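The structure under discussion appears below in the form of structure tokens.
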Amino acid sequence: PLFSLFSWTTAYYFKQWHQRRVREAVVSTQSTGDRFMLREVAVDNGWISLDTMLNFKRLASICNDKAKIAKIVSESKSELLELHEEKNRIRRNPEKPLPKGTDEEKVASNAKTVYVKGFPTDMTIDGVEQWFESHGAMAYIKMRKDADNKFKGSVFAEFVDKPDCDSFMGKDEVKCGDQVLIKMIRADYYKSKNQKEKETKNEKRAAQLGTEAAAPAIDVNNVQYEKGLVLRVDGLEGTEITREQFKELFEGKGLAWVTFNKGDPKANLRFDKSASEALESVKVDGKFIVAEKELTATLIEGEEEEEYWKESARSKAEFFQRKRKGDAGRGGRSRGGFRSKRGRRD
């Protein structure tokens, strides 16, 4: 959310106590559509009181002294933040507005965002930030957490300048202590991850198909299921949100399946465990935000929940039926099983 722009920036300056540019501390995915913040900044020409800023835990946990915070902002050489002459308010420089999130800007951001894995799992955000210092100015660093909110040892990090990113990726190896780290552009990481997930699903389906013919037909009108695992997300009309963005947001939170295609008005998200807990864990200031847009997420219950599981069972049954017919049309698995890529025409 837009609030994070100020709270993160001010906290980071105070903590380090020297003049770094704001871009090294500001998360790049600030929400330009945060309704509360848009209302707040419209009240006083963009100025936000320090009292309001201290509602944010990151800033308040480091310093709750408004005079000290004002001093840090005033002494910084950043061109993004301004301190009011009364020294009780701050705002973003009107001459440097938030990015509009155009396709070109998203492409540029992706080109300088990296995935790095191999950090000690007990490392803190401060340690990660310090490690990156020698590699260039950072726009943001996201520590990836598991379902228990523990650091997984990997991060997504965006460089302020693409040349720094290119230099980082061009190094033969980078280490944290004695540990050689894995590094790749974030887009390449997702391509690799999606390919592995696809291969895993294909292997599971292949194993299931081996016994499917002998298995009894699925009774879609009598489906057994665990309640409380599915969220319905509304408000997707006219957005550019993708299935992958849901996966990224709920990474490590037990997201098992996303029923959604780009352009659909709603999405269903199924989890391995409590969907409500997963939802609460990703909310920011009580709001559910995906790709800079505030959405409505609801735990489905009653008839809607039952119908979801029936439809899921129907889709599964139809898939296996099509698969069996396809195998039969090719002569079945007994005549060679699944064809290799070498024998397939491009």
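Below, the figures for the structure above:
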{"quantity": "Label-point separation, K171 to E105 (7 Å along Cα→Cβ), nm", "calculated": "3.0 nm"}
{"quantity": "Set of aspartates and glutamates with alpha-carbon distance to K87 below 16 Å, sequence-local pairs under 8 removed", "calculated": "D44, D51, D65, E75"}
{"quantity": "Alpha carbon convex hull of the stretch 78-194, volume per residue in cubic angstrom", "calculated": "160 Å³"}
{"quantity": "Computed accessible area, S312, all protein chains, 1.4 angstrom probe, square angstrom", "calculated": "40 Å²"}
{"quantity": "All lysines inside 23 Å of K316 as judged from Cα atoms, apart from same-chain residues fewer than 8 positions distant", "calculated": "K196, K198, K201, K204, K227, K247, K262, K266, K273, K325"}
{"quantity": "Using distinct alpha-carbon pairs, which all enter the 1/r mean, Kirkwood radius of the stretch 226-332 in Å", "calculated": "15.1 Å"}
{"quantity": "Carbon plus sulfur fraction of accessible area for the stretch 257-308, probe 1.4 Å, in percent", "calculated": "43 percent"}
{"quantity": "About the Cα centre, charge dipole magnitude for the stretch 221-300 (Lys/Arg +1, Asp/Glu -1 at Cβ), debye", "calculated": "240 debye"}
{"quantity": "Area accessible to solvent at C63, 1.4 Å probe radius, in Å²", "calculated": "10 Å²"}
{"quantity": "Carbon/sulfur fraction of accessible area - the stretch 142-210, other protein chains in place, 1.4 Å, %", "calculated": "45 percent"}
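The values are calculated or read from the model by the stated rules, or taken from the named source; none is laboratory data. Not measured: the values here are computed from a predicted model. Neighbour counts run over all protein chains shown; Cβ positions are idealised from the backbone, glycine included. To get the accessible areas, we keep the full protein, side chains included, count just its heavy atoms, and leave off ligands, DNA and RNA. Shrake-Rupley method; radii C 1.70, N 1.55, O 1.52, S 1.80 Å.
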